[in-house]
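First the structure, in the form of structure tokens, and then the observations on it.
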Amino acid sequence: DTFFPEKARFALSMRLNSLLASPGFSAWLEGAPLDIPKMLWTESGKPRIAIVSIAHLSDKERMFFVTLLLNEIVAWMRTQSGTSSLRAILYMDEVFGYLPPTANPPSKMPLLTMLKQARAYGLGVLLATQNPVDLDYKALSNAGTWFLGRLQTERDKLRVLDGLEGASTASGQKFDRRAIEATLSGLKSRVFLMNNVHEEEPVLFHTRWAMSYLRGPLTRGQIETLMADKVAAVQTPATPLSPPVVTEDAVEIDRPSGPTGTPVRYIAPAAPFDGAMVYWPGLVGTADLHYVNARAGLDEWRTVSILVRLQGDATGQVWEGADEVLSDALVDEAEPEARFAVLPKRARRAKTLKMWSGQFKTYLYQEHSLTLFKCKELKMISSAQEYEAQFNVRVREATREKRDLAVEKLRKRYSSKLATLRDRIQRAEEKVDRERAQLGQQKLQTTFSVGATVLGALLGRRSSVGRATTAMRGAGRVAKEKQDVARAQERLRQLEEQFADMEIAFDDEVTTLETSLGANAYDIVELTVRPRKSDINIDELAIAWIPSPVKAVSMT
């Protein structure tokens, strides 16, 4: 009562009651479950894009769903192992209202959590907005890569500059506020500034020209049309081993009895039948199986229940065609007013049941093996609880991590060489400038010397001969300086070619790595583990009665 008074509880219960009674709420109880792994990967483990549209919802419903989705993503994120490779991307178009600077809507905390922690789990977060001033400053300072277009207001510009400065300070990078502000003020249409805290300086780029025929947000009807061939049909779970419809001439009024002391189990109907119900005879066995594989680190016990329908006179391999049944489907009482098909005579003998028990043990050893999945190159083996799609995802992630590490090593190896060439190019450029300056100075001196010689000769001075000699020497030095400039330019050209060749070589090696360590670089094979025969323990072998509709025929 102190934490949640009775009056408040009553008000909450009334609101919940109104919600459940609302016709619009029924739509939230239909459709596919909000399963993040299924939204990210197909049944075979291939990555896919999941687009969620909330345009048709009211503001309250939008906030409810976005918060629910974000919290599911955070919950999934925290079940993943840490990685330096990108595992998935969450992109949210127009984040206005979900991450405000002062208010605290329920969507704010999961978004801030992901902006602070998601990168450690390999989850990238990409948020888009038209007005940065409407975003929380803590969120902006946690963004590592920025794509900035033309900002309309001074407040937006100041908020962006504050966020960039905070992000740069957190990563230990220098931040030239004046230069960035000047760049942002001069941005034109379709020009963006990319600022990455891991790079030395921001980069300007143009978006490529594109023509779009999209008319705007899609309506619910248009989305339904586009998704018509994608929506999976809702499948009603079928009754295990549903037998064919029987007629009343094969039906007994009372349940036939088996050998004395034999347990009896009934299969619960998956759905109510229209009309009368008849039970068809079968066998159900429950056993404990022990799976052991030292190489896979497998040592697991499993309890299974196997159901088979008894057909005809129940001769031969009775367990052929059996299926596993959930323990919850086994009940101790039959449905009222149900009828029973004839129990085969062999099933009424204790000797036959003993023989079937031996066959059951052999069936479990031969047919009820555990399938694991193995990637030999990566030395990875799936766990017993891991589906093939989950193992495929794990192998892809390990392959991507291996590729990223290899690319990073390659980048480090080339970066020192490229840095050395970059320094040489810079020194060569300085030398070219220096040689050009010396050439210009020598040309000027030679010009003055030739002019003085010509003027002296016209005036009849005796020193004109010496000056002519000096002018000739100056012309020779000009020729030499020209050669020095040409050599410096040739050296610069060679260094630039070496730099370009090294960049091409780096790109080629990266491409080779990405090809050799692509999504399907390694083969995944099945590893079959049979249960240890000596550890198969049969807990129970019972007569099972399987429900089925009965064909309406008048009885005589």
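The values are calculated or read from the model by the stated rules, or taken from the named source; none is laboratory data. Keep in mind that what you see is a predicted model, and the values were worked out from it rather than measured. When we count neighbours, we look across all protein chains shown, and the Cβ atoms used for this are built from the backbone with ideal geometry, even at glycine. Surface accessibility is based on the protein's heavy atoms, side chains included, excluding ligands, DNA and RNA. Shrake-Rupley method; radii C 1.70, N 1.55, O 1.52, S 1.80 Å.
Points worth noting:
- For the chain, DSSP calls about 80 percent of its internal beta bridges antiparallel.
- Amide H partners (placed H, <5 Å) of GLY122, local residues excluded: THR83
- Counting every alpha-carbon pair across the chain, the share separated by more than 39 Å comes to 59%.
- Dipole magnitude for the chain: computed about the Cα centre from +1 point charges on Lys and Arg Cβ and -1 point charges on Asp and Glu Cβ, it is near 3420 debye.
- The modelled label-to-label distance for the pair ASP523/ARG178, using points 7 Å beyond Cα in the direction of Cβ, is 6.5 nm.
- Relative contact order for the range 38-148, counting Cα pairs under 8 Å that sit 6 or more residues apart, in percent: 28
- For the range 101-184: rounded, prolate or oblate by the Cα gyration tensor [a/c cutoff 1.5]: oblate
- Estimated from helical segments only, the mean residue ellipticity of the chain at 222 nm is -14500 deg cm²/dmol, where each DSSP H run of four or more residues counts as -39500 (n - 2.57).
- Approximating the spin labels as points 7 Å out from Cα along Cα→Cβ, the THR315-to-ASP508 distance works out to 7.5 nm.
- Once the chain from ARG155 to ARG487 is taken as fully extended at 0.36 nm per residue, the excess over their C-alpha distance is 114.1 nm.
- Contact order normalised by residue count of the chain, Cα under 8 Å, 6+ apart, percent: 18
- FRET efficiency estimate (nearest 0.05) - Cβ-Cβ, LEU405 to MET109, R0 30 angstrom: 0.35
- Stretch gain in nm, segment GLU540-SER185, where the contour uses 0.36 nm per residue and the Cα spacing is subtracted: 119.8 nm
- On the chain, 53 percent of the accessible area sits on carbon and sulfur atoms, based on a 1.4 Å probe.
- Of the peptides 366-376, 95-105, the ranking by mean beta-carbon count within 10 Å, highest at the top, reads 366-376, 95-105.
- For the range 121-204, a simple Cβ point-charge model (Lys and Arg +1, Asp and Glu -1, everything else neutral) yields a dipole of about 220 debye relative to the Cα centre.
- Of the GluC sites (Glu not before Pro) found in the range 314-349, those in coil by DSSP whose Cβ has at most 13 other Cβ atoms within 10 Å are GLU320, GLU333, GLU337.
- The packing ranking, built from the mean of other Cβ atoms within 10 Å per residue, places the peptides 505-516, 283-294 in the order 283-294, 505-516, highest first.
- Taking all protein chains into account, the per residue accessible area for the range 75-139 stands at 51 Å² (1.4 Å probe).
- Positive end of the dipole of the chain (Cβ unit charges, origin at the Cα centre): among ALA143, PHE205, LEU298, the Cα lying farthest that way belongs to PHE205.
- Here the gap between ARG434 and LYS376, fully extended at 0.36 nm per residue and compared with their Cα-Cα distance, gives a gain of 14.8 nm.
- Placing a label point 7 Å from the Cα of ALA32 along the Cα-to-Cβ direction, the residues of the range 39-56 with a backbone N closer than 16 Å are 39-54.
- Calculated FRET efficiency, ALA21 to ALA271, Cβ-Cβ distance, R0 = 25 Å: about 0.45 to the nearest 0.05.
- In the context of the full set of protein chains, residues of the range 263-411 present 55 Å² of accessible surface per residue (probe radius 1.4 Å, heavy atoms only).
- Shape category assigned to the range 75-231 from the gyration tensor of Cα positions, a/c cut at 1.5: oblate
- With contacts taken as Cα pairs under 8 Å at a separation of at least 6 residues, the range 107-237 carries a relative contact order of 20 percent.
- Label-point separation, ARG295 to ILE223 (7 Å along Cα→Cβ), nm: 4.9
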